[in-house]
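S.K.: My questions all concern the structure below.
The values are calculated or read from the model by the stated rules, or taken from the named source; none is laboratory data. Nothing here was measured: the structure is a model prediction, and the numbers come from that model. For neighbour counting, all protein chains shown are included, and Cβ atoms are generated from backbone atoms with ideal geometry for every residue, glycine included. What goes into the accessible areas is simple: the full protein's heavy atoms, side chains included, and nothing from ligands, DNA or RNA. Shrake-Rupley method; radii C 1.70, N 1.55, O 1.52, S 1.80 Å.
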Amino acid sequence: MVLHVAYGAGAGAAALAIGAQKSYALEGTAGMALGGWAAATGILQQAVDAPGLAWGRPGFKEVAASPERYLFEQREFMAEHFNTQPTPGPVGHGFTQHNVDSGETWWSADLSPNVRGFGLDTCNQVAGPDGAVPEVQFRWLETQLQQAQAENKLVLIFSHHNSLTLENKAQRFDDPQKLYGAEEFVAMLLKYPVVIGWLNGHTHLNQVLAHADGERGFWEITTASCIDFPQQQQVVEIVDNRDGTLSLFTTVLDHASPAVPGSSGSVADLASRSREFASNDWAESPMMRRGSPLDRNTELLLKAPFDLSRITDAALEKQHLTENARILAYETERGL
């Protein structure tokens, strides 16, 4: 799959996904993927690959064929985010039709009239679990931050990787664009005081880090995974303290399932069973992933990047009424 994403293995990999042969060794998959990439859709290469797909080759074993298996393309992944209802929404979840049409996997969205979010795709498309920020995204984000600074928008950055894992510089030889690591990325964010938070994951644990340069700074909030214990999410609230500062309040949330799993087979019982399995991970120290008390349920203080009094109570109340109405409509439609 990694080789498919990195090198566009094409028809051969697609046939392998649904066919009766499955690779169990890296050399088998790499040989076919790179061969397909080098020859693109050449008729000669397809002819060479066909017997192997039909009767097997070294590094492959026989499995049941299924037309329901397929390779999940990036555009399909983004398109799935539009398969949602306006209530509670949001339709697209940050992605727009431009993302689906262009293939760009990074986005911006106004989360409220005063808060703008930017989502980055930090996954390395060649190899390795850690990531980096490609130059095209780095330059795009800096331009967007300049605009947000001019418009007095508070900014939250979203990415999969965090500052401890943003250092994977593996590149395709035919794509020379620079990949930025954590040091350069953080330095760029610190140039714009409207950046107040960077929300991310990847390491499957709760962790809060401060990044500062003199009086400027922002908070990095890393949240645990949905698969590893403690299987928590996190709510982040922005509060004007009316004294020239603002606070980010972080609250970790457990999923609403019983502490002891039942046997009904319900979604809640399955969620409870999943958490029980995660807490008994023999290869890890599950409690470590909760983070320290300083990484959960916190108040994170910042100097306000502009005069927040221009955001009136009346405007905030209107925003709250709009959001509450959206949630109420969702609950009413589903009889909740």
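S.K.: Given a 1.4 angstrom probe, I'd like the percentage of the accessible area of region 105-253 that is carbon and sulfur, rounded to a whole number.
M.R.: Details: 3460 of 6380 Å².
Answer for region 105-253: carbon and sulfur cover 54 percent of the accessible area.
S.K.: In debye to the nearest 20, how big a dipole does region 244-336 give about its Cα centre with +1 on each Lys and Arg Cβ and -1 on each Asp and Glu Cβ? If you can, show how the numbers build up before the last one.
M.R.: Numbers: 10 positive and 13 negative charges, 24 e Å.
Dipole size: approximately 120 debye.
S.K.: With a probe of 1.4 Å, find how much accessible area the chain has per residue, and write the answer as a whole number in Å². All intermediate terms of the calculation are to be shown ahead of the outcome.
M.R.: Numbers: 18730 Å² over 336 residues.
On a per-residue basis, the chain sits at 56 Å².
S.K.: Quick one, can you get me the convex hull of the C-alpha atoms of the chain expressed as volume per residue in Å³?
M.R.: Numbers: hull volume 61.4 nm³, N = 336.
Output value, Cα hull per residue: 183 Å³.
S.K.: Mean-square fluctuation check for the chain, GNM, Cα pairs under 10 Å: which of Arg296, Arg310, Arg116 is largest?
M.R.: Maximum fluctuation in the GNM of the chain, among the listed residues, is at Arg310.
S.K.: Which is farthest toward the positive dipole end of the chain among Val252, Gly128, Gln21, measuring Cα position about the Cα centre, with Cβ charges +1 (Lys, Arg) and -1 (Asp, Glu)?
M.R.: Gln21
S.K.: What nm distance separates the two modelled labels at Asn280 and Ser264, each placed 7 Å from Cα along Cα→Cβ?
M.R.: Taking the two extended label points, one gets 2.2 nm.
S.K.: Let me ask another. Strictly over 25 Å apart at the Cα level, which of Lys153/Lys303; Lys191/Lys318; Lys153/Lys191 would you flag in this model?
M.R.: Values: Lys153/Lys303 15 Å; Lys191/Lys318 32 Å; Lys153/Lys191 15 Å.
Pairs exceeding the cut-off: Lys191/Lys318.
S.K.: Okay, next question. Please report, in whole Å³, the volume per residue of the convex hull around the C-alpha atoms of region 234-336. Mind showing how you got there, number by number?
M.R.: Values: hull volume 14.5 nm³, N = 103.
Spread over its residues, the Cα hull of region 234-336 gives 141 Å³ apiece.
S.K.: Further question on the same structure: What shape does region 83-236 have by the C-alpha gyration tensor, where a ≥ b ≥ c are the square roots of the eigenvalues, rounded means a/c under 1.5, and otherwise prolate means a/b greater than b/c and oblate the rest?
M.R.: Values: a/c = 1.10, a/b = 1.07, b/c = 1.04.
Taking the square roots of the gyration eigenvalues as a ≥ b ≥ c, region 83-236 is rounded.
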